[in-house]
Each structure stands twice: as structure tokens, then as C-alpha cells.
Amino acid sequence: MTQEHFDRTIDRDQRIEPRDWMPDAYRTTMVRQIAQHAHSEIIGMQPEGEWITRAPSLRRKAILLAKVQDEAGHGLYLYSAAETLGADRTGLTEKLISGRQKYSSIFNYPTLSFADVGVIGWLVDGAAICNQVPLCRSSYGPYARAMIRICKEESFHQRQGYELLMALMRGTDAQREMVQDSVNRWWWPSLMMFGPPDADSTHTAQSMAWKIKRHTNDELRQRFVDMTVPQAEALGVTLPDPDLRWNADRGHHDFGEIDWSELKRVISGDGPCNAERIDVRRTAHEDGAWVREAAAAHAAKQTAAPSSKQIAERAERRP
Amino acid sequence: MAFDNALGAIAEDNDETRWAFGTGFHDPLAGIDTSVPDGIDRHALSAYCLMLGDDALIMSHRLQEWCTHAPELEEEVALANIALDLLGQARLLLSRAGTAEDAGRAEDDLAYFRNAPEFRNIVLAELPNGDFAHSTVRLLMFATWRLALLDRLTTSRDPVLAAIAAKSVKEVAYHRDHAALWTIRLGDGTDLSHARTQRALDALWPHTGELFTAHKIERDLAAMGVAVDPSDVREEFDTVLDEVLTKATLRRPAPAPPANSAGRDGKHSTPLSDLLAELQSVARAHPGATW
């Protein structure tokens with residue numbers, strides 16, 4: 001198990017597995033990538049989670065609650081994938097709340113109306129899927145396999161988001177205005193989700209060589225724009241970019257210049273909700289410490305804690 | 001290209017039924033015969049389903065409030081799961097309440113356009129969450145009591161209610177189990193967790209009086225084989241609680257006296273009004289809108 005074996009595995013488009021030899025830099029990069037993704041799932045629960053208790057129909061409430069629950073589940077199996085590389089969840093969580101590891105900058109924007117739930121599903125999950133589908137072919141096996149399941153669920157969420165927006169666009173004027181306002185606020189941040197332009201992307205070349213990244217940021221961004229324009233037309237909303245138009249020569253849509261200074265600001269911690277998002281996560285982690293300690297203390301006292309079955313059996317013996 | 005199986009699948013026009021399932025159903029009782037059997041007072045049946053439905057709706061709301069605040073990720077998933085189960089039960093029961101009443105209100109009319117005095121949930125469900133021990137002990141009490149009721153409702157003379165109960169029993173058995181395991185962990189865990197759990201138990205115990213106080217509608221319908229008289233489930237509740245509290249090394253408080261007025265009569269605490277203000281805020285800001 002050496003560099004030669006690693007290189008050959010990559011060349012043949014096969015998977016690197018946890019016990020295989022891998023370069024330290026590959027391991028470090030994978031931990032960073034997977035942890036950042038896991039953190040994004042967990043922090044990403046907040047903007048939409050704020051609307052669960054206020055969802056305006058029981059059906060929408062159930063859909064939203066199930067979606068946010070899925071995100072917790074994604075976070076769990078991504079942390080597990082990172083653990084196959086020797087990281088541990090507690091350590092990664094501490095890096096998140098101390099700001100040493102990042103999460104997707106999109107979750108630092110506020111959700112101001114219920115339409116944001118639909119627009120996040122459509123645009124943010126849509127952009128995430130464009131980024132993530134190629135990761136189902138990541139060279140690191142546990143991550144690639146986790147991504148297959150995640151992408152399936154994300155697709156489901158995107159459809160549900162779009163379906164909510166269709167319902168709102170068929171509704172009252174106020175509902176339609178709510179959707180347009182939301183699209184105006186989320187469109188540009190969604191484009192920023194693909195990261196800096198290729199010319200400025202520091203990690204792209206090595207990641208492409210290692211096959212842990214399959215397309216450049218700009219390729220994926222273009223794909224997202226091309227996919228979204230007809231969906232916006234079908235919905236009846238205007239994407240807030242006067243320079244957005246079909247370019248027959250390129251066979252793609254041209255679009256306006258992204259405000260990269262805004263992305264830099266948000267990434268560096270100065271977005272509208274950075275402090276709040278981390279604060280909620282830190283508070284949950286700290287407030288939960290006594291609960292985790294209690295569970296560990298109880299487990300240590302019991303060589304075998306009573307199983308669910310045992311509890312159920314005891315309950316059955318009631319008079 | 002091979003790039004995009006999942007991407008392709010979402011970009012094309014999928015058959016809507018492929019994805020609008022699970023939690024996303026529109027009519028909770030679609031395809032079900034909702035006629036009320038002869039001899040059953042439909043107004044009483046509607047009021048009774050409202051009681052059980054409101055219990056589930058309000059308890060679910062309190063569990064939803066834990067979202068993003070749970071002590072660990074496994075618990076985020078578990079609490080959301082329990083909240084979803086109860087929300088599903090609420091949707092079925094409120095829909096049954098609507099089909100049995102003259103006005104024929106839909107689930108959302110009942111959830112979003114009634115005020116606190118019209119809600120029929122027990123007060124235990126509406127109490128604020130408190131810390132994790134408080135929420136856990138409350139869930140243990142709620143689920144133990146509800147499971148005992150649902151178990152007996154599987155033979156209700158109303159076939160719709162019986163079917164809802166049969167589905168819900170499996171869910172609430174898991175809720176009770178989950179809460180019992182956590183109560184034991186917390187009670188037996190550290191000095192701090194023991195003290196917090198005992199404090200929660202002492203604070204919540206007086207609310208058990210209400211659980212076994214039968215409302216007139218419950219008594220009347222129980223006599224007809226439609227409902228359960230809640231005073232009949234006290235023994236089961238006590239047996240289960242005793243077992244769990246013993247394992248958790250917790251001291252059971254003195255029996256609570258029966259309550260003389262309660263949520264079943266629409267008498268609620270201030271926290272319910274606050275809860276409803278939040279739950280109903282968007283729906284009421286857009287009267288007549290569909291979502």
C-alpha cells in the first residue's frame with residue numbers, strides 16, 4: 001500500500017477506502033471537504049428550521065419538518081464519513097464553533113418570509129445538487145456513497161420547494177410578491193455557492209487531479225444558470241439580473257458580474273447571520289453537555305443498558 | 001453525460017405522484033369512508049377527536065421547538081421523528097373531527113383559526129419545554145398516557161378512529177420507549193442530571209391529575225364503546241412510571257389530586273396563547289390563501 005497503489009487507484013477511477021494508504025495531504029483535504037459539508041448540513045437546518053413552528057398549513061409543516069430532519073441525518077452520516085479518516089465528531093464540532101472550519105456561506109443569509117422555504121428548496125438545494133452530483137463519483141469511497149443518498153434526498157427537497165413556489169404563484173398577489181422578493185434576495189447568493197471564479201480558486205487543480213472534484217466552479221455555475229432560467233420562466237418570476245440572456249454562440253446563458261467582495265465578506269465572517277448561526281450551534285452544544293455526560297455516565301455504570309425490547313416486554317407485563 | 005443521473009431526474013418533468021408522498025399528502029383521510037356509524041353522536045365524536053388531535057398538535061409543536069437546539073445530532077433526528085409522528089396523528093384526528101361535524105372544517109381551519117379557549121388539549125402538552133430533562137419527563141408522561149388510550153381505542157366503534165389508533169399505537173410505543181430510556185439515563189447518570197430530572201418530575205407531576213379526569217364527552221362516548229374513559233388508564237400509567245422511575249433512581253412524588261378544571265374544557269395556561277400566536281401567525285396574516 002503505497003503512493004504507487006494510490007496513484008493507480010485514482011488513474012483507474014476506482015475508490016480509495018479507509019484502510020488504503022493515502023497521502024497526508026489527500027487525507028487532510030478530504031477531512032476538510034467532508035467536515036465543511038457536514039457543518040453546512042447542520043448549520044443549514046437553522047434558516048429553514050425557524051419556520052417549522054410557523055408553517056401556514058399542517059401539510060407544509062410536515063414537509064418542512066421532514067426536510068430539516070433529513071439535513072440532521074445528512075450531517076450525521078457525513079460526520080461518520082469523516083470519522084473513517086481519523087477525525088472525530090466532537091473535534092470537528094469544536095472547530096466549527098470556534099470558527100476554524102467553515103460551512104457554506106449561503107446559510108449566513110436570513111429567512112424573512114415563508115416563501116424563503118420554497119426558494120431555498122428550489123435555488124439553494126438546486127445549486128447544492130449541481131455541486132454534489134459529481135461528488136457521487138468522488139475518489140474517496142465513503143464520501144461518494146454518502147453523496148448518492150444525500151443527492152437523492154436533496155432532489156426530493158428541491159422538487160418540494162419548487163412545488164411550494166408553484167402553489168404560492170397560483171395564490172394571492174401578496175403570495176406572489178413574497179416569492180419575487182425572496183428570489184431577488186437569494187439569486188446572487190445562490191450563484192456564489194459555487195465558490196470563487198476558476199482563476200481564483202486555490203484548491204481546484206489538486207482536487208481535480210485527485211478526482212475529489214470533477215468540474216470547475218465556473219462550469220457548475222453555468223450549468224446551474226442554464227438549468228434554472230427555464231424553471232424561473234415556468235414559475236413566472238424574474239431573476240434579478242438585467243444581463244441574463246441566452247447566448248446562441250456559446251449555447252449557454254450569459255449572466256452579470258457577481259459581487260465577489262460580498263462573498264469574501266460573508267466567508268470571512270461578516271455576513272448578516274454568521275454570529276447568530278454559530279451562536280445557536282454553540283449554545284446547543286454547550287447546553288447539551290450535561291446530557292451527553294449523563295448518557296456516558298449511565299453507559300459506564302451499565303455493562304448492558306436495557307434494550308428497547310426489554311422495556312417493551314416489561315411494559316407488557318402490566319396487570 | 002454520466003454526470004447527472006440525479007440532476008437529470010430532477011430537471012425533467014417528473015410525475016408529481018413520484019415525490020408528493022410521505023409527509024406531503026393533501027387530504028389525510030383521502031379514500032376513507034368517513035360516514036359516522038348509526039347510533040354514534042357525531043357532535044360528541046367530533047369533539048372527542050378534537051381533544052386527541054389537539055393533544056398531538058400541541059405536543060408536536062413543543063417538540064418542533066427543539067429543532068436545532070437538541071443536545072446531540074441523534075436527538076435532533078429522534079425528536080423531529082416523534083414530532084412528525086404526532087403531527088401526522090393530529091392531521092388525521094383533526095380531519096376526523098371535521099368530517100364528523102356539521103360545519104365540515106378542514107384540518108387547517110381547525111389548527112389555524114381557533115383561539116386558545118377553543119383548544120381541547122390537556123395542559124401538560126402545552127407547558128413550555130424547560131430543559132432537556134423537563135421535556136423528556138413530560139414526553140414520558142404524555143406518551144405513556146396516550147399509548148394506554150390509543151391501545152384501547154383500536155377497538156372503538158368508530159372505524160375511522162379505530163384505524164387511526166391502530167396506526168398511532170406503533171408510533172407512540174416508540175415515543176414512550178425513547179423517553180423512558182432517556183429518563184433512565186438522566187436519572188441514573190450524573191448528580192447534576194439526576195437533580196435536574198427529579199426537579200422536572202416534581203414540577204410536572206401535579207399535571208398528571210388532569211390526565212385521568214374524564215370529561216363528560218369522554219364518559220358518554222366511552223359508555224357507547226367509542227372512546228376511552230381516561231380514569232381507566234391510571235393503573236397502567238402508574239405501573240409503567242413506577243418501573244421507569246425505579247430504574248432511573250428517581251423518587252415518585254405523592255399522587256396528584258384529580259383536576260377539577262382543565263384543557264378539555266378550554267381552560268389553558270398563558271403559554272398556549274403564545275404558542276398559538278406563533279403557530280397561526282403566517283396563516284392568519286394571509287386569510288383565504290392556500291399554501
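Read-outs: derived from the displayed coordinates by stated rules, not from any lab. Being a predicted model, the structure only gives us computed values, none of them experimental. Neighbour counts run over all protein chains shown; Cβ positions are idealised from the backbone, glycine included.
Any lysines with Cα under 28 Å of the A:Lys61 Cα? List them, leaving off those in the same chain fewer than 8 positions away.
Counting by Cα, and skipping residues close in sequence, A:Lys61 has these lysines nearby: A:Lys152, B:Lys167, B:Lys170, B:Lys267.
Reachable lysines from A:Lys301, Cα under 19 Å, same-chain residues fewer than 8 places away excluded?
The qualifying lysines are B:Lys247.
Dividing the convex hull volume of the alpha carbon atoms of region B:173-291 by its residue count, what do you get in Å³ per residue?
Convex hull of Cα atoms, per residue: 184 Å³.
Extending each Cα 7 Å along its Cβ direction at A:Thr202 and A:Asp13, get the distance between those two points in nm, one decimal.
Computed distance between label sites A:Thr202 and A:Asp13 equals 3.2 nm.
Give the share of C-alpha pairs in each 10 angstrom bin for region A:3-270, from 0 to the last occupied bin, in whole percents, shortest bins first.
Pairs per bin, as whole percents: 6, 29, 35, 22, 8, 1, 0.
Alpha carbon centre of region A:224-260 versus region B:55-124: separation in Å?
Taking the Cα centre of each part, region A:224-260 and region B:55-124 sit 41 Å apart.
Using R₀ = 45 Å, calculate the FRET efficiency as 1/(1 + (r/R₀)^6) where r is the Cβ-Cβ separation of B:Lys216 and B:Ala195; round to 0.05.
It comes out at approximately 0.65.
Suppose R0 equals 35 Å; then what is the FRET efficiency for A:Ala174 and B:Arg157 from their Cβ-Cβ distance, rounded to the nearest 0.05?
Plugging the Cβ-Cβ distance into 1/(1 + (r/R0)^6) gives 0.15.
Using only alpha carbon pairs under 8 Å that are at least six residues apart, calculate the relative contact order of chain B and give it in whole percent.
21
Between B:Ala277 and A:Leu112, how many nm apart are label points set 7 Å from Cα along the C-beta direction?
Simple spin-label model gives 2.4 nm for this pair.
With springs only between Cα atoms under 10 Å apart, run a GNM on chain B and tell me which of B:Asp202, B:Asp238, B:Asp102 wobbles the most.
Evaluated over chain B, the most mobile residue of the options is B:Asp102.
List the lysines whose alpha-carbon lies under 17 Å from that of A:Lys264, not counting same-chain residues fewer than 8 positions away?
A:Lys102
Take the Cα pairs of region B:41-285, get the Kirkwood Rh, then feed it into Stokes-Einstein at 37 °C and 0.692 mPa s and tell me D in µm²/s.
Roughly 182 µm²/s, to the nearest whole number.
Among A:Met193, A:Thr28, A:Trp260, whose Cα projects farthest towards the positive end of the dipole of chain A, with charges put on the beta-carbon of Lys, Arg (+1) and Asp, Glu (-1)?
My answer, from the dipole projection, is A:Thr28.
If you place +1 on the Cβ of every Lys and Arg, -1 on the Cβ of every Asp and Glu, and leave all else neutral, what size is the dipole of region B:36-148 about its Cα centre, to the nearest 20 Debye?
260
Determine the relative contact order of chain A: mean sequence separation of Cα pairs under 8 Å and six or more apart, normalised by residue count, in whole percent.
Relative contact order, chain A: 18 percent.
Assign one of three labels to region A:137-296, namely rounded, prolate or oblate, based on the Cα gyration tensor with a ≥ b ≥ c the square roots of its eigenvalues; rounded applies when a/c is under 1.5, prolate when it is not and a/b is larger than b/c, and oblate otherwise.
In terms of gyration-tensor shape, oblate.
Work out the length of the dipole vector of the protein assembly as shown about its Cα centre, built from +1 on the beta-carbon of each Lys and Arg and -1 on the beta-carbon of each Asp and Glu, and round it to the nearest 20 debye.
Rounded to the nearest 20 debye, it is 1200 debye.
Near the amide H of B:Ala262, under 5 Å away, which other amide H atoms are found, from residues 5 or more places off or on another chain, if H is placed in the peptide plane?
It is B:Lys267, by chain and number.
For chain A, which DSSP H helices look membrane-span-like by this rule: Cα extent along the axis of 15 Å or more and mean Kyte-Doolittle of at least -0.5?
A:24-43, A:58-83, A:141-169, A:289-301
So between A:Arg265 and A:Arg282, what do we pick up on full extension, going 0.36 nm a residue minus the alpha carbon distance?
Result: 3.9 nm gained on full extension.
Mind checking the dipole of chain A: about its Cα centre, +1 per Lys or Arg Cβ, -1 per Asp or Glu Cβ, Debye to the nearest 20?
Roughly 1360 debye, rounded to the nearest 20.
Could you check the simple spin-label distance between B:Ile32 and A:Gln3, using points 7 Å along Cα→Cβ, in nm with one decimal?
6.7
Percent of Cα-Cα pairs more than 13 Å apart in region B:121-168, please.
For region B:121-168, the fraction of Cα-Cα distances above 13 Å is 61 percent.
Can you list residues from other chains, or at least 5 along the same chain, whose modelled amide H is less than 5 Å from the amide H of A:His252?
A:Asn247
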